[in-house]
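The next block holds one structure in the form of structure tokens; read it before the comments.
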Amino acid sequence: MDLSELTPEEIDEVADNATEQARLKRLSQEAKEEMETLTNKSFLVGGRVLSELEEIHKISTHMNINATEARKQLTFPQEYNIDGQTIPDLVRKMRKARRQLKGDMRDKMSKSIDSLIDGYSDYLNKCINSMYWLSPYSIPLKKMSITEKDLFKLNKMKDTTTRREVVDVLCKYWELDLDQKDMAFCRDYAKISKEMKEVKKEYRGILSKINSQQLKKSKKEQAKEFILKQIVNNPGIGAKRIHDSMPSPLYKYSNSNMISKMVRSMNVANYEGAYYKVPSMMKKNIWAYTAAFIDSDGYITLDRSMNPRVGLVATGERGKAFMQEMHKSIGFGRMHLDQKSPQDTRLINRLNFYSQDDVTNLLTKCLPHFRLKKGNAKLLLELIRMKKSYKKADWYKDRCDEIFKLMKWENHKDHVGFDWAKENIYLDDITKLQGNCKMSLMDELENVGGIVLKEA
């Protein structure tokens, strides 16, 4: 992707997408997962450095699982990339593109870059935490100017002797760093700085022992990596076409049937032999992903009869695959596939939610994750609650009218030149209408166990 060739609007879209993907990646590791990790695996932290077999045995015994399952607990995180690009490469391209931007667009690009860097930092932390022999020494390790390649090398260190060498060096650096802390600049300070520099050289020397042959991926790993890249770059590609495009060594190693089997173990959607990469966030946190999808390519609104309407829209075969996967993951809603667009171009695929129960269920679960349409969601949740229990209240009709105006404002507030007067909406009244929300009133009425017809 050459960002220099894109228009400002296209660069803006890239920045938005990059920011959202980075955010979604961070959401995949919530506090609950972290607590589970601390609860289940803290027994590995501290004490002497264990070999991989010892680690597996200890996990197996502690968690009462077999060795195969225990080995899975030591899995190193998959490479963090967006659309086949590493984060450092993408950040470099975005920084280069930022030079051509000004004002709000430049600020927006800067925020997107910061989000990517934050997400990448979280990823590096997860890599460190996956190596339980190393994670207790993360503080000095991070001061060694680590890279993803360094962590990959450390993960490949299987012999206990080399692991202990690394830990010894990190402990030595840690002690020196603590001795130097709060020390005024003097001869001793300079001496410690020199020693710390030498320790860093010792650390780099240990890493250099891991040669390129040891880092070489297996044929299976190479094949999986190639398959995934082909699916990402060519949505809808099939096993035979993937096999035909493989370099000679991988072509001889695999066949179409083998590729089909590999795909089943990957986060890939398969529709009639056509493969599409399904975002991992869709599986890990469907409500966060759905909220992000609605924010970018969906709608939350109501019709003239005050019926709630929520929908997700996607075009083309790839969009169709995503809609079907989302429908399966969410478990409710109505699919409308292969509809003609008004311009009669690409076919449109929709996942719509019509019933009050479905809309309430969906919006309640997505509400914490909305970035752009949280106001719309709150209005529909208020309206549905009113329609179910407060139709006889004397404030019901007036509040419905207010909600209709507020929804119109939420959906068109960024549209320059929108004719508000035509909709009988006056911008000076928006804050007042927002303050008339009846959620607190309905809470009070339900707490005292009754519904009143007149507002106190």
So L362, is it at pLDDT 90 or above, assigned to a strand (DSSP E or B) and under 24 Å from the mean Cα position of the chain (by Cα):
no
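Condition check ((1) in a helix (DSSP H, G or I); (2) at pLDDT 90 or above; (3) in contact with a strand residue (DSSP E or B) (Cβ under 8 Å, 6 or more places away or on another chain); (4) surrounded by 14 or more Cβ atoms within 10 Å (Cβ to Cβ)) across all residues:
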| position | (1), (2), (3), (4) |
| --- | --- |
| V199 | yes, yes, no, yes |
| V232 | yes, no, yes, yes |
| M262 | yes, no, no, yes |
| Y276 | no, no, yes, yes |
Hey, can you tell me all the residues within segment 303-337 that are surrounded by fewer than 18 Cβ atoms within 10 Å (Cβ to Cβ) and touching a His at 6+ places or on another chain (Cβ under 7 Å)?
M335
When segment 240-260 is checked residue by residue, the ones that are exposed (fewer than 13 other Cβ atoms within 10 Å of the Cβ) and assigned to a helix (DSSP H, G or I) are D244, S248, P249, K252, N257
List the pairs whose first member sits in segment 429-446 and is at pLDDT below 90, whose second member is surrounded by fewer than 14 Cβ atoms within 10 Å (Cβ to Cβ) and in a helix (DSSP H, G or I), and whose Cβ atoms are under 6 Å apart, counting only residues at least 6 apart or on separate chains?
none
In segment 378-389, which residues are surrounded by 20 or more Cβ atoms within 10 Å (Cβ to Cβ) and either of a type in the set (S, T, N, Q) or closer than 12 Å to L441 by Cβ (or both)?
M386
Does segment 397-421 hold any residues that are surrounded by 15 or more Cβ atoms within 10 Å (Cβ to Cβ) and assigned to a helix (DSSP H, G or I), and which are they?
R399, C400, E402, I403, F404, K405, L406, M407, K408, W409, E410, N411
Determine if segment 400-407 includes at least one residue that is at pLDDT below 95 and under 31 Å from the mean Cα position of the chain (by Cα).
yes
Name the residue, out of K158, K153, K191, K181, that is out of contact with any Phe, Trp or Tyr (no Cβ under 9 Å at 6 or more places or on another chain), in the same structural domain as K96 (by TED's automatic domain parsing) and buried (at least 16 other Cβ atoms within 10 Å of the Cβ).
K153
Failed item in (1) within 33 Å of the chain's Cα centre (by Cα); (2) buried (at least 17 other Cβ atoms within 10 Å of the Cβ); (3) within 27 Å of I139 (Cβ to Cβ), with R204 passing the rest:
(2)
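When you go through S254, S248 one by one, which is the residue that is touching a helix residue (DSSP H, G or I) at 6+ places or on another chain (Cβ under 9 Å), more than 18 Å from L380 (Cβ to Cβ) and polar (S, T, N, Q)?
S254
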Heads up, the helices (runs of 4 or more DSSP H) in segment 76-185 (entirely inside) with at least 2 residues that are at pLDDT below 85 and more than 20 Å from V199 (Cα to Cα) are 87-98, 103-130, 148-156
For segment 383-404, how many residues meet the condition of being closer than 27 Å to K365 by Cβ and free of Cβ contacts under 8 Å to residues at least 60 places away in the same chain?
7
Given the condition crowded, with 19+ Cβ neighbours inside 10 Å and in contact with a Phe, Trp or Tyr (Cβ under 6 Å, 6 or more places away or on another chain), answer yes or no: does some residue in segment 264-273 qualify?
yes
If you go through segment 349-379, how many residues are out of contact with any Gly (no Cβ under 8 Å at 6 or more places or on another chain), within 14 Å of L312 (Cβ to Cβ) and free of Cβ contacts under 8 Å to residues at least 40 places away in the same chain?
0
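The values are calculated or read from the model by the stated rules, or taken from the named source; none is laboratory data. Predicted model, so just to flag it, every value in this text is computed and none were measured. Methodologically, a virtual Cβ is constructed for each residue, glycine included, from the backbone with ideal geometry; neighbour enumeration extends over all protein chains shown.
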